[in-house]
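The values are calculated or read from the model by the stated rules, or taken from the named source; none is laboratory data. Predicted, not measured: the structure shown is a model, and the values here were computed from it. Here the Cβ positions follow ideal geometry from the backbone for every residue, glycine too, while neighbour counts run over all protein chains shown.
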Amino acid sequence: MKATEILMEEHRIIERVLIALERATTRLSKGQDVYLRFFSGTTVFIKNFADGFHHQKEEGILFPVLIQYGLSKETGPVAVMLAEHEEARRLTQKMRLALERLQASDDSGRNELIQNAQGYIKLLRQHIYKEDNILFPMADKVLPAEQQQQIMDAFKLVERDETGDDVYEKYLGLALRLEQECLR
């Protein structure tokens, strides 16, 4: 298995949460009740899995190696992905702040939560598409097999030393719970 295949598997989990977030956001926009704990769980998933676990592998391991092999950090696919990671962080922070206001019975948080969640969903879907169909195939062409193995080894170290052995299973479980909670 290649490092890019692992990242694409993680994308599938992130997409499951995006679908759940879209359902809950649609319900919220229609004035229907939504369990606000769902949005708290979603922002935890985004911060710890999508950003902390997944993006850490990309930004800390894959992207620097791609830059060593000739891709630019200032322009092109890597630069775009890094900028989109920052935008995703900004939208997630705005979702958290809006949720806090909504939980404190400040209804102005509702529209802001909806807008930022919709922006996040749109951004991440486009982002995942670009990585899966442009950047990762490019990486697979540029990186020799031994470099792919070194990246895989580095991924394993991140998983074991920095995030813990069970982080993948933990956040897969959270994604499954979020899928169920968005329907409450």
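Data overview
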{"item": "Failed item, numbered, when residue 176 is tested on (1) buried (at least 16 other Cβ atoms within 10 Å of the Cβ); (2) at pLDDT below 90; (3) not charged (D, E, K, R)", "result": "(1)"}
{"item": "Sole exception among (1) surrounded by 15 or more Cβ atoms within 10 Å (Cβ to Cβ); (2) within 17 Å of residue 148 (Cα to Cα); (3) among the small types (Gly, Ala, Ser) for residue 70, by number", "result": "(1)"}
{"item": "Test: residue in segment 49-59 that is part of a helix (DSSP H, G or I), within 16 Å of residue 177 (Cβ to Cβ) and at pLDDT below 95", "result": "yes"}
{"item": "Unique match (being over 11 Å from the mean Cα position of the chain (by Cα) and modelled with pLDDT under 90) among 62, 36, 28", "result": "36"}
{"item": "Number of positions in segment 37-60 that are charged (D, E, K, R) and farther than 17 Å from residue 12 by Cα", "result": "2"}
{"item": "Selected residue [within 30 Å of residue 78 (Cβ to Cβ) and at pLDDT 90 or above] from 156, 130", "result": "130"}
